[in-house]
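Below you'll find the structure, written out as structure tokens, and then a few comments.
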Amino acid sequence: MAERRFEFVRENVVMRLPPGFRFQPTGEELVFQYLKCKIFSCPLPATVIPHINICRYDPWDLPAGNMEQERYFFCNNEAKYRNGNRINRTTASGYWKATGVDRQIVSSSSRNC
């Protein structure tokens, strides 16, 4: 019987994840263990969050995973206008719309990357 591997796409590169791999980070883990380390160019705990421009994709065309699961991406914001601070969220067939409620994420301890 062949070993089943899950695939995770990262900008034209396919990573193979081990069977049973589960990635369900808390908001604190996402901000303080991944985003903070990414910003300061420190090594990430695991390379499971791809860096892509999500505006190149419609939601149903995003790489990695299926529509039923949460997916995480690093993405740089692009300005909609040269001299403005509005974010360009336009895709080929529409635009990304922010939904939900913003929530504050605080660290339960001081962590360094």
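For an R0 of 22 angstrom, estimate the FRET efficiency from the Cβ-Cβ distance between residue 24 and residue 96 and round to the nearest 0.05.
0.40
Give the long-range amide H neighbours of residue 74: residues separated by 5 or more places, or on another chain, with amide H under 5 Å away, using H modelled in the peptide plane at 1.01 Å from N.
51, 52
With r defined as the distance between the Cβ atoms of residue 82 and residue 57 and R0 fixed at 30 Å, what FRET efficiency is calculated, to the nearest 0.05?
Efficiency, from the Cβ-Cβ distance: 0.80.
So who's got an amide H within less than 5 Å of the one on residue 91, skipping anything under 5 residues away but keeping other chains? H placed 1.01 Å off N, in plane.
So residue 91 has HN proximity to 96.
For the stretch 30-99, take every pair of Cα atoms, bin their distances at 10 Å starting from 0, and report each bin as a whole percent.
17, 42, 35, 6
What residues qualify as long-range amide H neighbours of residue 105, i.e. H under 5 Å apart, gap of 5 or more or another chain, H built at 1.01 Å from N?
Here nothing satisfies the definition.
So what are the ³J(HN,Hα) numbers for the stretch 71-81, from phi and the Karplus equation (6.51, -1.76, 1.60; θ = phi - 60°), rounded to whole Hz, Gly and Pro as x?
For the stretch 71-81, the Karplus-derived couplings read 10, 10, 9, 8, 8, 7, 7, 10, 5, 6, 10 Hz, x marking Gly and Pro.
Rule-based calculations on the coordinates, nothing more; no lab input. Bear in mind that the values here come from a model prediction, so they are computed numbers and not experimental data. Positions of Cβ are generated from backbone atoms using ideal geometry, with glycine treated the same way; all protein chains shown enter the neighbour counts.
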